[in-house]
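The structure appears right after this line, and notes come after that.
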Amino acid sequence: MKTRSLLDQIYAFLNQRPVYHTLFWLALYGTMVGTSLRQGIDLHTTLYNETIQALFFAGLVYCNLLFLIPNYLARHAFIYFGLVLAACAIVTPIEVLVLYLVYSDAPSIRPM
């Protein structure tokens, strides 16, 4: 009976929103870093690039999750999809600019 109780406790812990969000972002970040390292990019550059990208991804995801979905998806689906596209179209050039500025002193390691 103790093992079932332990499994219930583990499930209850993993089922908390902050826990599974953190696990998701860590898994995504690890995948992004692993993919970049397999492409031959050094660790320092990879960590900088993927941290910046993950922060921008998180901003888009939580803007969508906390603002756009509750306010627009059910009532105004076309407006919702337009706002999602607009957010991506605005954030992507900002992300590219940030990466450009981070590596402005080292053009040989700028991300493609």
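Data for the structure
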read-out	value
Which listed residue, of Leu85, Leu73, Leu101, is loosely packed, with under 15 Cβ neighbours inside 10 Å, modelled with pLDDT under 95 and not aromatic (Phe, Trp, Tyr)	Leu101
Test: residue in segment 6-20 that is out of contact with any helix residue (DSSP H, G or I) (no Cβ under 6 Å at 6 or more places or on another chain), of a type in the set (Ser, Thr, Tyr) and modelled with pLDDT under 90	yes
Residue check for Leu60: of a type in the set (A, V, I, L, M) and over 12 Å from the mean Cα position of the chain (by Cα)	no
Candidate set: segment 28-44, residues that are buried (at least 17 other Cβ atoms within 10 Å of the Cβ) and either over 9 Å from the mean Cα position of the chain (by Cα) or at pLDDT below 95 (or both); chosen: the one nearest to Ala106 (Cα to Cα)	Ile41
Residue in segment 67-76 that is under 22 Å from Thr22 (Cα atoms) and in contact with a helix residue (DSSP H, G or I) (Cβ under 8 Å, 6 or more places away or on another chain) present	yes
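The values are calculated or read from the model by the stated rules, or taken from the named source; none is laboratory data. Since the model is a prediction, treat every value here as computed from it, not as a measurement. Backbone-built Cβ (ideal geometry, glycine too); neighbour counts: all protein chains shown.
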